[in-house]
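Reviewing the structure listed below.
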Amino acid sequence: MIQLKHLTKLYKNKRGIRNISLEIPDGEILGLLGPNGSGKTTIMKALLSLIPADSGEIIINGSPLHKDFENIMSRTGALIESPAIYKNMTAYQNMKLMARSREDLADIDRMLDIVHLREYKNDKAGRFSLGMKQRLGLAAALIGKPETVILDEPVNGLDIEGVVEIREYIKEMNRALGTTFIVSSHIASEIERLCTSVAVICDGEIISLDSTEHIKGTHPSMEDYFLEKIRERRGGI
């Protein structure tokens, strides 16, 4: 289980996250849904220790993140903002670098197939378009069957076919391996199709947390649910 306890991180402009408390059970696909600038990426960066929190605590499987960082990160895949790829290396070399075992090496071509990059496997990543770099970063985050995967707007730059294939691959990893996913988006329909639970974030705070199943049973769509919660937060505007 991943636990965030009273997590706060404020930037100089006073934006960020405030007093975030959240429990994410193993095997969950949690969607962080919110407007741009609402705090989704800040939560994810804090979970990966890419930024220090001002206060609060992150506990993963019973261990504080700061005390067991290397062990926890060795079992975590992530794609945050710009993909962390080496531009002077080929797509295949980048994937090989991210692989965790010999079994993963055998899986590289399949992952490149999923993101439609296999025909470019021997091309330098520095020559890729922004969309191609996004797809390569996504493939690198998923290879190696990590226990937890953190994805910030993962379908950016993907065509419709690629979006569907990535969605189905995430669901299959979750079903077959029990992989926990934390996925951010500002697109309500994508969160509805992919996630098992949803946290709506606005102005740096979690304003609602519910299961996708319950939301779909009580609202016409995830978009309607999201707009309802945002309007409640902003006083009906």
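Solvent exposure of the stretch 1-157 amounts to 50 Å² per residue of accessible area, where only protein heavy atoms count and the probe is 1.4 Å. Modelled this way, with points 7 Å down the Cα-to-C-beta line, the labels at T218 and N71 are 3.9 nm from one another.
When the solvent-accessible area of the chain is split by element, carbon and sulfur atoms take up 49 percent of it, the probe being 1.4 Å. Phi angles across the stretch 202-218 convert, under the Karplus curve 6.51 cos²θ - 1.76 cosθ + 1.60 with θ = phi - 60°, into 3J(HN,Hα) values of 8, 6, x, 10, 7, 9, 6, 9, 7, 7, 4, 4, 5, 4, 5, x, 10 Hz, Gly and Pro given as x. The count of lysine pairs in the stretch 1-126 that are at least 8 places apart or cross chains, and whose C-alpha atoms lie under 21 Å apart, stands at 17. Summarising the strand pairing of the chain, around 55 percent of its internal DSSP beta bridges are antiparallel.
Other residues within the sphere of radius under 11 Å centred on the Cβ of T90, judged by their own Cβ, net out at +4 (K and R +1, D and E -1).
Which whole-number percent of Cα pairs in the stretch 85-142 have a distance greater than 12 Å? Numbers along the way, then the final one.
Working: 958 of 1653 pairs.
Pairs farther apart than 12 Å: 58 percent.
Label sites at Y86 and S129, each approximated as a point 7 angstrom past Cα along Cα to Cβ, lie 2.7 nm apart. Summarising the label geometry, the points placed 7 Å from Cα in the beta-carbon direction at I59 and R118 lie 4.5 nm from one another. Normalise the Debye intensity by I(0) for the stretch 71-118, one equal point scatterer per Cα, no solvent, then take log10 at q = 0.27, 0.31 Å⁻¹ and round to two decimals. Those come out to -1.24, -1.28, one per q.
Heavy atoms only, probe 1.4 angstrom, no DNA, RNA or ligands counted: give me E103, E57, E190 ranked by accessible area, highest first.
Ranked list, largest accessible area first: E103, E57, E190.
The values are calculated or read from the model by the stated rules, or taken from the named source; none is laboratory data. These figures come from a predicted structure and were not determined experimentally. Counting neighbours? That spans all protein chains shown, and the Cβs are built from the backbone with ideal geometry, glycine included. Side chains are part of the model used for accessible areas, which takes the heavy atoms of the whole protein and leaves out ligands, DNA and RNA. Shrake-Rupley method; radii C 1.70, N 1.55, O 1.52, S 1.80 Å.
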